[in-house]
Amino acid sequence: MTNNIDRRLKEHNAGVNPFSFTYKRRPIALLFQQEFNDIFQAYHFEARIKKWSSKKKRALANDDFDLIKILAECRNQTHSKFFSKLN
């Protein structure tokens, strides 16, 4: 979460914080950003996304909202009506 996306991206790529998630994954590229008028909404949205699987995060970055819904519903492939879409 930031109010200056360019600065934040440069910080991540420079490795400013050796304890950050991105430190060992450099260089990084921005795949998704969302603007909020309310900092509390931004905080809650980021907290929710951090708990998502990498597949669900990639779907968000690709604007694949149908896949996000499928991945949110499907916890067990044997009960999934969307099983063929996941493979």
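The local environment of LYS57, defined by Cβ-Cβ distances under 14 Å, has a net charge of +4 under the rule Lys, Arg +1 and Asp, Glu -1.
Solvent-accessible surface of region 5-80, taken per residue with a 1.4 Å probe and all protein chains present: 86 Å². Neighbours of ALA14 by Cβ distance under 13 Å: Lys/Arg scored +1, Asp/Glu scored -1, total +2. What you get for region 1-52, charging only the Cβ of Lys and Arg (+1) and of Asp and Glu (-1), is a dipole of about 340 debye around the Cα centre.
The values are calculated or read from the model by the stated rules, or taken from the named source; none is laboratory data. Since we're looking at a predicted model, the values are computed, not measured. Counting neighbours? That spans all protein chains shown, and the Cβs are built from the backbone with ideal geometry, glycine included. Just so you know, the surface numbers come from the protein's heavy atoms only, side chains and all, with ligands and any DNA or RNA stripped out. Shrake-Rupley method; radii C 1.70, N 1.55, O 1.52, S 1.80 Å.
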